[in-house]
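Down below is the structure, laid out as structure tokens.
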Amino acid sequence: MSRARIAILAGVVIAFVIVAGVLVYGKRPHGGQKVAIDVTVTKASSMTPSDLTARQNDTVTINIKSDTDGEVHLHGYDIPFDCAAGQTVSHTFTADKTGDFELEWESTSTHLGHLVVTP
């Protein structure tokens, strides 16, 4: 076999290995970080910030402080935050589902915001 053919074959093998590596390792989850989010609920009708984000497999802690007694509910993960006026309530969970998940004031079904979990 000539040197030119060996060089071409070696180049093709190297390119194949690089492409395979990108395809295999590029599909791995990028989450797994610890994420803490502090929110404030006002008058059971608004939440600041209202747009929460995390990546799949992150360990998420949401801390909610409300000026009103009641429940904030994180749909999709089915997590209730039983709020007492002036107190902070926290829940920690693994963001194992991707999507856009609503947070609402449960007793009135008032939309407060959402948690977006990306791959």
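To the nearest Å, what is the center-to-center distance of segment 87-102 and segment 29-67, using C-alpha atoms only?
Centre-to-centre distance over Cα atoms comes out at 7 Å.
When DSSP assigns beta bridges and you keep just the ones with both residues in segment 28-119, what percent turn out antiparallel, to the nearest 5? Display every interim value, and only then the final one.
Numbers: 25 of 38 bridges.
The antiparallel fraction comes to roughly 65 percent.
Ordering I62, I6, I37 by how much accessible area each has at a 1.4 Å probe, largest first, what is the list?
On the way: I62 0, I6 90, I37 20 Å².
From most accessible down to least: I6, I37, I62.
Roughly speaking, what is the stretch gain from T53 to D100, that is 0.36 nm per residue apart minus the C-alpha to C-alpha distance, in nm to one decimal? All intermediate terms of the calculation are to be shown ahead of the outcome.
Details: separation 47, 0.36 × 47 = 16.92 nm, distance 0.92 nm.
Here the answer is 16.0 nm.
With +1 assigned to the C-beta of every Lys and Arg and -1 to the C-beta of every Asp and Glu, and no other charges, what is the dipole magnitude of segment 64-119 about the Cα centre in debye, to the nearest 20? Before the final figure, lay out each step's value.
Details: 2 positive and 10 negative charges, 41 e Å.
In total the dipole reaches around 200 debye.
Quick one: Karplus J couplings for segment 73-87, per residue in order, coefficients 6.51, -1.76, 1.60, θ = phi - 60°, nearest Hz, x for Gly and Pro?
My calculation for segment 73-87 gives 10, 9, 6, x, 9, 6, 10, x, 10, 7, 8, 10, 3, x, 9 Hz in order.
Rg over Rh of segment 45-119, using C-alpha atoms and the Kirkwood radius, what does it come to?
Details: Rg = 11.7 Å, Rh = 12.4 Å.
Taking Rg over the Kirkwood Rh, I get 0.95.
Under a 5 Å amide H to amide H cut-off, with H placed in plane at 1.01 Å, what residues pair with R55 once short-range neighbours are removed?
So R55 has HN proximity to T118.
In whole percent, how big is the carbon plus sulfur part of the accessible area of segment 41-119, probe 1.4 Å, protein atoms only?
On the way: 1790 of 3830 Å².
Here it works out to 47 percent.
The values are calculated or read from the model by the stated rules, or taken from the named source; none is laboratory data. This structure is a prediction, so every number in the text was calculated from the model and none was measured. Cβ coordinates were reconstructed from backbone atoms using ideal geometry, including for glycine residues, and neighbour counts include every protein chain displayed. Remember, those area values only see protein heavy atoms, side chains included, never the ligands or the DNA or RNA. Shrake-Rupley method; radii C 1.70, N 1.55, O 1.52, S 1.80 Å.
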